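Scroll down for the structure; my scribbles are underneath it.
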Amino acid sequence: MKQVVLLHGLGNNGAIWSRTQEHWPADVRVHNPDLPWRSDGIDAWRFETDSAGRLAETLSAVPGGPDLVVAHSFTALPLLELLARRALAGERPGVAGVVLVTPFYRRDPDDFHWNMIAPLLDSFPETMSEAIRLQSGDRPVPPDLRADMARRLCEWIGPYGWLRFFDAYLNSPRLRLDLITVPCLVIGAEQDVTAPVAEARHLAADLPAGEALILPEGGHFPMLDRPRAFAEAVHGFLDRVPARLSPAA
């Protein structure tokens, strides 16, 4: 039995993966924990500066350890930080493979410009609204109510939560990707208006064992847009990842 851990992004929770549930094969055990930066848990995390350490605690709670870790959006950054930190300390990664879904990443500090801050901040409610729209499925939430819900989510996240995200994003050029040798699949989407698809391509190219899968349709939430195709892509990658040598590998 292989174990897959699904890690949601900022302001979401483990339910973001619910549509994939029926598409996992019988030989996969799926864990989808709620993280400290979930939609209703920001208060306890907003002063936290070591999100990678919090992820380490989450992953250590998986009995026997995970074979594959799938991280969406913001959470890809602390996961990469954790893997680089372990490699720098001479420790094993603790996972056989990684999938990074619609991640944020820039190669150079000079890639960040002052005039990018306001548009990125302004787009955040739209991202939350898109998640609500997709999760509502066959019972769509009226646009006005959805906008109110998205604003409420942003209020929960607040300036501290958003700054934790932005600080991790600004730190992405300093990540020691060269030390991360586990197989990594980076999934981007051509229609993603939140995390530019070019950043997924660059991240895959900069990881020593990285490969890119660019989806021609859908946006920032492929696990909601195309749950079957998403689960099949992840499972196909898992089948190609070498088995861990031991629970601590």
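The values are calculated or read from the model by the stated rules, or taken from the named source; none is laboratory data. Because the structure is a prediction, the values reported are computed rather than measured. In this analysis, Cβ positions are derived from the backbone assuming ideal geometry, glycine residues included, and neighbour counts consider all displayed protein chains.
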For residue 133, the lone unmet condition from (1) touching a residue at least 24 places away in the same chain (Cβ under 8 Å); (2) over 21 Å from residue 172 (Cα atoms) is (1)
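For the structure I just gave you, tell me whether residue 192 is among the charged types (D, E, K, R), part of a loop (DSSP other than H, G, I, E, B) and touching a His at 6+ places or on another chain (Cβ under 6 Å).
Judged against the criteria, residue 192 is a match.
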Select from region 195-210 the residues that are outside any loop (DSSP other than H, G, I, E, B) and touching a strand residue (DSSP E or B) at 6+ places or on another chain (Cβ under 6 Å) and list them in ascending order. 197, 200, 201, 203, 204, 210
Residue list for region 153-179, restricted to those being free of Cβ contacts under 8 Å to residues at least 40 places away in the same chain and either crowded, with 22+ Cβ neighbours inside 10 Å or part of a loop (DSSP other than H, G, I, E, B) (or both): none
Of the residues that sit in region 113-149 and are in a helix (DSSP H, G or I) and among the small types (Gly, Ala, Ser), which one is surrounded by the most Cβ atoms within 10 Å (Cβ to Cβ)? 131
Residues that are over 17 Å from the mean Cα position of the chain (by Cα) and hydrophobic (A, V, I, L, M, F, W, C), drawn from region 97-131: 112, 114, 116, 117, 118, 120, 121
If only one of 234, 186, 182 is at pLDDT 95 or above, surrounded by 13 or more Cβ atoms within 10 Å (Cβ to Cβ), in contact with a helix residue (DSSP H, G or I) (Cβ under 9 Å, 6 or more places away or on another chain) and under 19 Å from residue 29 (Cβ atoms), which one is it? 234
Find all pairs meeting these conditions: Cβ atoms under 8 angstrom apart; at least six residues apart or on different chains; first residue within region 198-223 and farther than 16 Å from residue 106 by Cβ and in contact (Cβ under 8 Å) with a residue 60 or more places away in the chain; second residue aromatic (Phe, Trp, Tyr) and buried (at least 16 other Cβ atoms within 10 Å of the Cβ). 222/230; 223/17; 223/230
Consider residue 56 carefully, then state whether it is within 19 Å of residue 206 (Cβ to Cβ), at pLDDT 95 or above and either part of a helix (DSSP H, G or I) or of a type in the set (A, V, I, L, M) (or both). no
